[in-house]
Amino acid sequence: MSRPMTIAEKILAAHAGTDEVRPGQLVDVQVDMALGNDITAPISIEIFREAGAKKVFDREKIALVADHFTPNKDIKSAEQVRTLREFSDEHAIKHFYEGGQVGVEHCLLPEKGIVLPGDVVIGADSHTCTYGALGAFATGAGSTDLAAAMITGRTWFKVPESIKIVYKGELQPWVCGKDLILYTIGDIGVDGALYMAMEFTGPVIESLPMSDRFTMSNMAIEAGGKAGLVNPDSTTEQYVSARASRSYQVYHSDENAEYARVVEYDCSKIEPQIAFPHLPENTVGISEVATVELDQVVIGSCTNGRIEDLAIAAAILKGRKIAEELRLIVLPATPAIWTEALDKGFLKTFIEAGAVIGPPTCGPCLGGHMGVLAKGERALSTTNRNFVGRMGHPESEVYLASPAIAAASAVLGRIGSPEELS
Amino acid sequence: MKIRGNVWKFGENIDTDAIIPARYLNTSDPKELARHCMEDADKDFPDKVRPGDILVAGKNFGCGSSREHAPIALKAAGVGCVIAPSFARIFYRNAFNMGLPIFECAEAPEEIEEGHEVEVDADSGTIIDLTTGREMKAQPIPPFMQELIADGGLIAHILKKSGDEQ
């Protein structure tokens, strides 16, 4: 009988071909999916070639998603995407996406069943931790680590300690996964889970739909986390069973597994959260926010660009107009989400409210394109980072919040709650 | 190996967007990245940094995006090493993979001032502030990371390993 383990430890042990692992131990693990994008993968491809590698370890276990500067914003970006395309052609990479097929990677891969529970996923993108919501061990890495994984199908990890976060109580109106994760980062800090696997548990998590779970796992990195996991349940099973085209193994933490720290929150005391510039940990409850006027609101991204996010925003914006001189940019995160938002009339609602609808792209989240901020401008965004210069000029400001707060704020022209709308 | 240079100081939680803003990531050319290194934290940095200069920063250096362009930019700008109480994990891994020396030292931000001359003995982890004579010790580099360095980086390491197995 092996020692009681957390879900993270069990997945790593299985992929290292051993019965048990302990925090601090170095393991060499098999990778189920290796991911890169149009910014990070070109470096990996160059390293791959310089290493003299002739073929990838498995053409079906690599995903190359051109989502950051796409539709290609300039010549250099187009060259980077061409590097991905040529490499994908050369190696018959099964999961290469661009143009009308592309979506924001961390929404696209789960949606297509490309990442599954129990997987080990490394991605040259820090928000790879999103797939923890499926019960996968998924973590961000650099381009060199991706190149090594593309060659060998393996990677190394130091088994992380786990931090268990238990969410209890009744959610207040308008509070969603985004608020819970912002509150958590505000509490433990941007390095509160450094090197650790976060495990989101408790009755509130069990009641959350997949979309909110993805949002929470997505931002584990904003607390320094190596991964952000949710133990799979019937909600996970329902989401995955319709999408998976390969077998997968479900793991759960043992009841007596060891945690470096256990944190418990009474969610009935958590109100909608706003992260002020310039760190995601600078969170305050909506009731404490004084007048913060806005130039731009962005709804989208790997954090909150899913259909459930757009549905909340559309319900709030239905029959309303956004404030004068404010720009609302809505980016459905994948082609499937775009189509569903079209079919359900959400896009019409957004346009009638005065919004601009964009293609699936990471674009404005990283100050890339399609919504870059000028000097002194202020944006509220459903994205994940509000660092200096993140969405444009170094003297612009980014506030992070949920889709509900974003939609209401777009109408009000300042940061506010749906409760304030007549 | 000894690294010796003048110190530039930065605060806590320096993110990779500050090290190299995403607006420049339509290229991975080290020279071009170096021209914008740290500019959102200090816009004059690319002009004033000299080869071998040392960055001393607060905790959680390199948080945020996984872009390997961050250590590439620092290295290409001539930065000899970075000293901080802690590093964000992806940056930590990337720095070793890219060959940018980094050292964890809790007291460095308090003890070392901007403009001081500092010498780091990479093998022993001894950090000396030559301006004050103050000596500090960095956290030892974990054995596996030392093995990676000795092999010449991660790619050389995996190639060597696959060679050994055949």
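The table below lists the values:
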quantity	calculated
Counted residues, region A:395-421 - those being surrounded by fewer than 24 Cβ atoms within 10 Å (Cβ to Cβ), closer than 21 Å to A:GLY186 by Cα and either within 14 Å of chain B (Cβ to nearest Cβ) or modelled with pLDDT under 95 (or both)	1
Whichever residue in region A:276-320 is out of contact with any Leu (no Cβ under 8 Å at 6 or more places or on another chain) and among the hydroxyl-bearing types (Ser, Thr, Tyr) and, among such residues, is farthest from A:GLN172 (Cα to Cα)	A:THR291
Residue among A:THR155, A:THR215 that alone is touching a residue at least 40 places away in the same chain (Cβ under 8 Å) and assigned to a helix (DSSP H, G or I)	A:THR215
Failed criterion for A:THR303 (all others in (1) open to solvent by 20 Å² or more (accessible area, probe 1.4 Å); (2) modelled with pLDDT of 95 or more; (3) out of contact with any Gly (no Cβ under 7 Å at 6 or more places or on another chain) hold)	(1)
Subset tally (residues that are within 12 Å of another protein chain (Cβ to nearest Cβ) and in contact (Cβ under 8 Å) with a residue 24 or more places away in the chain) for region B:25-41	7
Only one of B:LYS160, B:LYS137, B:LYS59 that is open to solvent by 50 Å² or more (accessible area, probe 1.4 Å) and within 9 Å of chain A (Cβ to nearest Cβ)	B:LYS59
Those strands (runs of 3 or more DSSP E) lying entirely in region A:26-134 with at least 2 residues surrounded by fewer than 19 Cβ atoms within 10 Å (Cβ to Cβ)	A:26-30
Per-region count, region A:229-248, residues exposed (fewer than 11 other Cβ atoms within 10 Å of the Cβ) and at pLDDT 95 or above	3
Among the candidates A:PRO360, A:PRO272, A:PRO280, residue that is surrounded by 23 or more Cβ atoms within 10 Å (Cβ to Cβ), in contact with an Asp or Glu (Cβ under 8 Å, 6 or more places away or on another chain) and farther than 30 Å from A:VAL65 by Cα	A:PRO272
Qualifying residue in region B:96-106 (condition: over 30 Å from A:THR40 (Cα atoms) and either within 13 Å of another protein chain (Cβ to nearest Cβ) or without any contact (Cβ under 8 Å) to a residue 40 or more places away in the chain (or both))	yes
All positions within region A:363-394 that are over 18 Å from the mean Cα position of the chain (by Cα), more than 14 Å from chain B (Cβ to nearest Cβ) and buried (at least 21 other Cβ atoms within 10 Å of the Cβ)	A:ALA379
The one condition in (1) at negative phi; (2) part of a loop (DSSP other than H, G, I, E, B); (3) more than 8 Å from chain A (Cβ to nearest Cβ) that B:ARG67 fails to fulfil	(3)
A:GLU258 vs. criteria over 26 Å from A:SER301 (Cβ atoms) and surrounded by 14 or more Cβ atoms within 10 Å (Cβ to Cβ)	yes
Check on B:LEU159, under 24 Å from A:ALA51 (Cβ atoms) and out of contact with any Pro (no Cβ under 6 Å at 6 or more places or on another chain)	yes
The one condition in (1) open to solvent by less than 40 Å² (accessible area, probe 1.4 Å); (2) out of contact with any Leu (no Cβ under 8 Å at 6 or more places or on another chain); (3) more than 13 Å from chain A (Cβ to nearest Cβ) that B:CYS81 fails to fulfil	(2)
Qualifying residue in region A:156-178 (condition: buried (at least 21 other Cβ atoms within 10 Å of the Cβ) and within 12 Å of chain B (Cβ to nearest Cβ))	yes
B:GLY153 within 11 Å of another protein chain (Cβ to nearest Cβ) and closer than 21 Å to B:GLY99 by Cβ	yes
Test result for A:HIS15, farther than 26 Å from A:PRO209 by Cα and either touching a His at 6+ places or on another chain (Cβ under 6 Å) or not in a loop (DSSP other than H, G, I, E, B) (or both)	yes
A:ALA136 being in contact with a strand residue (DSSP E or B) (Cβ under 8 Å, 6 or more places away or on another chain), among the hydrophobic types (A, V, I, L, M, F, W, C) and within 14 Å of another protein chain (Cβ to nearest Cβ)	no
Given (1) surrounded by 15 or more Cβ atoms within 10 Å (Cβ to Cβ); (2) at pLDDT 90 or above; (3) part of a helix (DSSP H, G or I), index of the condition B:PHE103 fails	(3)
Some residue of region A:146-153 being surrounded by fewer than 23 Cβ atoms within 10 Å (Cβ to Cβ), more than 9 Å from chain B (Cβ to nearest Cβ), within 30 Å of A:ASP58 (Cβ to Cβ) and not aromatic (Phe, Trp, Tyr)	yes
Members of region A:179-209 that are open to solvent by less than 10 Å² (accessible area, probe 1.4 Å) and not in a loop (DSSP other than H, G, I, E, B)	A:ASP179, A:LEU180, A:ILE181, A:LEU182, A:THR184, A:ILE185, A:ALA197, A:MET198, A:GLU199, A:PHE200, A:VAL204, A:ILE205
Filtered residue count, region B:108-134, keeping only those that are assigned to a strand (DSSP E or B) and open to solvent by less than 30 Å² (accessible area, probe 1.4 Å)	5
Residues that are of a type in the set (Gly, Ala, Ser) and within 14 Å of chain B (Cβ to nearest Cβ), drawn from region A:13-34	A:GLY24, A:ALA34
Set A:ALA242, A:ALA220: member being small (Gly, Ala, Ser) and under 30 Å from B:ASP17 (Cβ atoms)	A:ALA220
Residue in region B:6-22 that is within 7 Å of another protein chain (Cβ to nearest Cβ), in contact with a helix residue (DSSP H, G or I) (Cβ under 7 Å, 6 or more places away or on another chain), surrounded by 19 or more Cβ atoms within 10 Å (Cβ to Cβ) and modelled with pLDDT of 95 or more present	yes
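The values are calculated or read from the model by the stated rules, or taken from the named source; none is laboratory data. The structure presented is a predicted model; accordingly, all values stated were derived computationally and were not measured. Virtual Cβ from ideal backbone geometry, glycine too; neighbours counted across all protein chains shown. Keep in mind that these areas ignore ligands, DNA and RNA; they rest on the heavy atoms of the full protein, side chains included. Shrake-Rupley method; radii C 1.70, N 1.55, O 1.52, S 1.80 Å.
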